[in-house]
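The values are calculated or read from the model by the stated rules, or taken from the named source; none is laboratory data. None of the values given here were measured: they were computed from a predicted structure. Don't worry about glycine lacking a Cβ; one is built from the backbone with ideal geometry, like all the others, and counts go over all protein chains shown. Accessible surface is based on the protein model in full, side chains and every heavy atom, while ligands, DNA and RNA are left aside. Shrake-Rupley method; radii C 1.70, N 1.55, O 1.52, S 1.80 Å.
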Amino acid sequence: MGAQLRVYKRRIKSVSATKKITRAMEMIAASRIIKAQRRVAASEPYAKELTRAVTAVAQGSDTQHPLLTEAEQPKRAAVLLITSDRGLAGGYNSNAIKAAEELNARLTAEGKEIVSFIVGNKGTAYYGFRNRPVEKSFTGFTDNPTYAEAKAVSAPLIEAVQKDTAEGGVDELHIVYTEFVSMMTQAPLTDRMLPLTLEASGAEEAGGKGVLPLYDFEPSAEDVLDALLPRYVESRVYNALLQAAASKHAATRRAMQSATDNAEELIKSLTRLANAARQADITQEISEIVGGASALADANAGSDR
C-alpha cells in the first residue's frame, strides 16, 4: 500500500503542475482577446467603406473590369485558408480546415482547379502531410497579424487574379477563416472575395425610391478600380486575419479553462484515492499492532503455565 500511495502523490504533483500551466495559458489568452477584439472593431469600418466604394464605382460605370466580371467558364479558383501557428485551441483549426475541405469539394465538383494559399503552421502541416500542392504559405504571425503582413499575404492573391488562367492565374478568389462572433462562439466562414458581388446601394436599399447618384471618374473608372481593388483585397484579408486571431485566442481560453477544470477534478479524484490508500495503510498497521500484541499476550500466557 505504501508504494501505491507514493504513486498517487506523484500523480497529484504532476497534475497540479499541469493545472498551473493551463491556468496561466488561460489568463494569457483572456488578456489577448480584448486587444484582438478592439483591432477587429477598428478594422471593420474601413473594410466596409472600401467595399462600398468599390461597389459604387462598379455600379456607377459600364466598365467591364476583369476583377468584377464573372468568367464565362471559370477554370481555376484560389482558396486562402487561415489557421493558427500553434495548437491548444480545441477544434479551432480542425473546423477551419473542414470548412476549406467542403469548399474545395464543391469547387472541384463544379469543374474548377483549386490553387491553395495557406496561413498558419497547422494548415501548412495538414496539406504537407497529405502531399497536397500549396501555391504559397505564410507562418509566424497568426497570433498578432499586422497590416504589412496582410499585404504580404494579399500580394500573390492579387497577382493570381490579374493573370490569365493560361499563365497560371485564377478566375475566382475565396477565403476561409474563423469569424469571431462572441467569447463563446467562433464560426468557420467561407466567402468569395473576387469577382466582387455587387451589393444594393443608394436608392435600391431604400426600396427603389429616389435617384441613384451619378459619378465622374478621373482618369477613368478602370484606373480607379485598378487602384481600389488591391486595397479591397488587402483590407478583407487583414480583417479576416484579425477575426481569426481573436477566434483563436477565445478558443485557447476556452480549451485551457476546460483543461484546468479537468485537472481540478482529477486532483480531487486522486486525493480521494490517496486518502483511501493512506487509511488502508493505517488500518493495516493497526491490525498488525493488534495482532502482534495478541500473539505476544498469548505467548506470555503460555509461558506462565
Residues satisfying the stated conditions in the range 128-155, i.e. open to solvent by less than 60 Å² (accessible area, probe 1.4 Å) and in a loop (DSSP other than H, G, I, E, B):
Val134, Phe141, Thr142, Asp143, Pro145, Thr146
Matching residues in the range 1-22 - criterion: being hydrophobic (A, V, I, L, M, F, W, C), modelled with pLDDT under 90 and open to solvent by 70 Å² or more (accessible area, probe 1.4 Å):
Met1
If I filter the range 68-105 down to residues being part of a loop (DSSP other than H, G, I, E, B) and more than 22 Å from the chain's Cα centre (by Cα), which single residue comes out as surrounded by the fewest Cβ atoms within 10 Å (Cβ to Cβ)?
Glu72
Report, ordered by the first and then the second residue, all pairs with beta carbons closer than 8 Å, sequence separation of six or more or different chains, a first member in the range 173-198 that is assigned to a strand (DSSP E or B), and a second member that is surrounded by fewer than 17 Cβ atoms within 10 Å (Cβ to Cβ) and small (Gly, Ala, Ser).
Thr178/Ala187; Glu179/Ala187
May I ask you to verify whether Leu212 is hydrophobic (A, V, I, L, M, F, W, C) and at pLDDT below 90?
yes
Answer yes or no as to whether Asn262 is in a helix (DSSP H, G or I), of a type outside the set (Asp, Glu), surrounded by 14 or more Cβ atoms within 10 Å (Cβ to Cβ) and without any contact (Cβ under 8 Å) to a residue 12 or more places away in the chain.
yes
Taking the range 23-67 and the residues there that are outside any helix (DSSP H, G or I) and surrounded by 13 or more Cβ atoms within 10 Å (Cβ to Cβ), the one that is modelled with the lowest pLDDT would be Pro66
